[in-house]
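Visitor: Pasting in a structure now, in structure tokens, and then I'll have a few things to ask.
What follows draws every value from the coordinates through simple rules; no lab data is involved. All of these numbers come straight from a predicted model, not from anything done at the bench. So basically every Cβ, Gly included, is an ideal-geometry build from the backbone, and we count neighbours across all protein chains shown.
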Amino acid sequence: MEVPGRTQNSPPKESAVFCQPCNSDGETIVAIGYCQNCNEYLCAICLKVHRKQAVSRNHIILVGDNMPKVSLPVVTPNACSEICTKHENEIVKYFCMSHDAVGCGDCMIIDHKSCKVDRIQDISLEYFNGTEHQNILKKVEQFVKDIDEIKLELQASEGNTRQAYTQAIKDVKAFKKEIIDYLNKAEREMLEMINERKKKNEMLIQELKQAESHIGRNIKEIQTKLQLQVNQANELFVEAKQVKAKLNVIDENLNRLKKDISIDVYTFQHSSSMEQMVKSCVPLGDIVDGSKQKIEQKASKHDCLVSSKEVTDQTGLDRKNISKMDAYFDCEINIKTQDDASDCCIRNCAVICPSQIIVTDANNKCVKLVDVNNKEVSKYNLKYRPTGAAVVNPNLVAVTFPDDRKIQCLTITTGNKIIECDMINVRKGCHKIAIHEYKIIGITDISVEIMSMNGQLIKSLSDPNMKRLMDIAVVPSSQMFYVSNSSLGYKAVLKFDFDGNLIATYQDKDLVDVRGLEVTKDGTVLVCNWAGNGSIHMITPDCKKMKELLEKNQHIYCPYCVTFCNETNKLFVGNYASNIDKQFKNVLKVFQLR
């Protein structure tokens, strides 16, 4: 059965008007009716639905020849047909200009009694051509453009997210491989050392066995001869006199053999830095936003396994020839905070990572974390007056309280928050400390105290030259350390081994007094010449003068502490004396070596 208005076998007449709802769905159906209220042409099926719906059953429908021959403008002053949202049986017909609101008759009576009300039919055509309508159209058009742009950005972000995910996974795996390669290499080197020691001991044992066998034969031979002559007095006398000289030689050989036979039993002592890194559960890295932060992060505390050659290649800095460099003023960082009760007393400073320095402020009983890049300072108050500070690893520092015979360990979180952990009680108050192979090396005025990380004394070293010790610096990967001595008439830098033997001494006519010490990665020693026109003396590992840095420099006055960043070749100096200007007390001076 054929539905009226749905005949599609024969082509439509050129003058035919088509159903608009169907046309919006892609169908071309001849219209048989027209709704004046909706200003829309309808086919038979759409017209039937239109007459049944509650919202449109009262609309005026024109059919046949009464239909307009062409589509009328979308906006015409036709009868209102929208149902009121508050009164379901009423049609929205009125507009209140005072409240910029539309409503039905009931709405106007209830809510707009005293307002001037217009009929929508009377003003709608004028509104259509007015400014407000045009502005709305423009705003909607802009919204369409905005949403299109957002859509494109979302598509791009989706692609970037996939790319970032893939790259991050790749970087994590690459860094993991780098660490594994480093550990494999370190393992190979350690096994080679162990095998070399084993071969050396085996060769020594073989030599001792041969000596033992030779001496044993000689003793057996003498014993046999003496036994054969036991009943013959003359022969026994002659034989005894002849072997007497041999017995002295055998005695010496036996004593030497007893001494040499004590083979050193070696054990593997793991790296304290590696152990502490494992204990502190340092993450592989961090997730940062943007490429700039990512580059900076590579030079930060988490890159603890990069070799010195690799760091040189990444930064473009030459750290092999520090002795040939000169120091140039870079900047100064104000470390005095708003809540400091007095001017700062910078007793010690130490590099945590290329972008972060820790400073002890004795006057204000605190430590301060200094952000070198942003020149920002965060403060952490302490119970006692701190003097020395040493970096255990990038997440842990130790601070000394000599007056109270304590050492406080402080954990630095990834968000640069400081948390107190172990408080270590020590036998003697150490005013400066260094960390070496998971041991605390501290100094009193007249001694060097070697302690375990829990404060237990391992060894105490003293020497007639140790009269007023000011600072200590340990040589990396060795059993040597330097101390600065400031006794009356004896200003010097002293080098000792861990058995307390004096190895070398540095004195110079230009060295007025001594304070802070630092040893760079290549073994160069830096010592503060504590004077009004002070400087930094640079000396060789065997305590020979190389040069004098910052001599008569306007930024240096009584240099008290010094630290050096091997990754950036930056030198950090703290000036202090009771009578110096505040501009020196409250700042950390930064110099670039090049």
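Visitor: Per residue Cα convex hull volume for the stretch 449-594, in cubic angstrom?
Guide: On the way: hull volume 19.5 nm³, N = 146.
Dividing the Cα hull volume of the stretch 449-594 by its residues yields 134 Å³.
Visitor: Order of Val426, Val475, Val63 from fewest to most other C-beta atoms within 10 Å? Kindly include the intermediate steps, with their values, before the conclusion.
Guide: Values: Val426 23, Val475 17, Val63 12.
Listed from fewest to most nearby Cβ atoms, that is Val63, Val475, Val426.
Visitor: Kirkwood hydrodynamic radius, computed over distinct alpha-carbon pairs, for the stretch 308-593: how many Å, to one decimal?
Guide: Details: mean 1/r = 0.0532 Å⁻¹.
After inverting the mean inverse Cα-Cα distance, the result is 18.8 Å.
Visitor: Still on this structure, I have one more. Among Leu571, Leu550, rank each residue by its count of other Cβ atoms within 10 Å, from fewest to most, as a rough exposure measure.
Guide: Working: Leu571 25, Leu550 22.
Lowest count first: Leu550, Leu571.
Visitor: Express in nm, to one decimal, how much length is gained between Ile123 and Thr414 on full extension, taking 0.36 nm for each residue of separation and deducting their alpha carbon distance. List each step's numbers first, then the result.
Guide: Details: separation 291, 0.36 × 291 = 104.76 nm, distance 6.63 nm.
Gain on stretching Ile123 to Thr414: 98.1 nm.
Visitor: For Leu137, Leu47, what's the fewest-to-most ordering of other Cβ within 10 Å of each Cβ?
Guide: Lowest to highest Cβ neighbour count: Leu137, Leu47.
Visitor: I'd like the projected area of the stretch 130-230, averaged over all directions, using the convex hull of its alpha carbons. Report it in nm² with one decimal. Could you put the intermediate results ahead of the total?
Guide: Values: hull surface 43.5 nm².
That works out to 10.9 nm².
Visitor: Want the number for Arg51 to Lys365: 0.36 nm per residue separation, take away the alpha-carbon distance, what's left?
Guide: Details: separation 314, 0.36 × 314 = 113.04 nm, distance 8.78 nm.
Extending this stretch completely gives an extra 104.3 nm.
Visitor: Continuing with this model, one more query. Under a crude label model (7 Å from the Cα following the beta-carbon direction), how far is Gln167 from Glu192 in nanometres?
Guide: For Gln167 paired with Glu192, the spin-label model returns 3.7 nm.
Visitor: For the pair Asp445/Asn89, report the inter-label distance in nm, with labels modelled 7 Å from Cα in the Cβ direction.
Guide: 10.6 nm
Visitor: Here is a follow-up. Using the structure shown, select from Lys116/Lys138; Lys324/Lys552; Lys69/Lys139; Lys521/Lys544 the pairs with a Cα to Cα distance greater than 23 angstrom.
Guide: Exceeds cut-off: Lys116/Lys138; Lys69/Lys139.
Visitor: Given a Förster distance of 30 angstrom, what is the FRET efficiency for Asp111 paired with Ile136, based on the Cβ-Cβ distance and rounded to 0.05? Walk me through the numbers on the way to the answer.
Guide: Details: r = 24 Å, r/R0 = 0.80.
With R0 = 30 Å, the Cβ-Cβ based efficiency is 0.80.
Visitor: Can you compute the modelled spin-label distance between His214 and Asp499, with each label point 7 Å from Cα toward Cβ, in nm?
Guide: It works out to 2.8 nm between the two label points.
Visitor: Write down the radius of gyration of the stretch 53-193 and its Dmax, each obtained from C-alpha positions, in Å.
Guide: That works out to 33.4, 109 Å for Rg and Dmax.
Visitor: Given a Förster radius of 56 Å and the C-beta distance between Ser323 and Leu247 as r, what FRET efficiency does 1/(1 + (r/R0)^6) yield to the nearest 0.05? Mind dumping the intermediate values first?
Guide: Numbers: r = 60 Å, r/R0 = 1.07.
Computed FRET efficiency for Ser323 and Leu247: 0.40.
Visitor: Further question: Once R0 is set to 56 Å, what does the formula 1/(1 + (r/R0)^6) return for the Cβ-Cβ distance between Ile60 and Phe175, expressed as a FRET efficiency to the nearest 0.05?
Guide: Values: r = 76 Å, r/R0 = 1.36.
It comes out at approximately 0.15.
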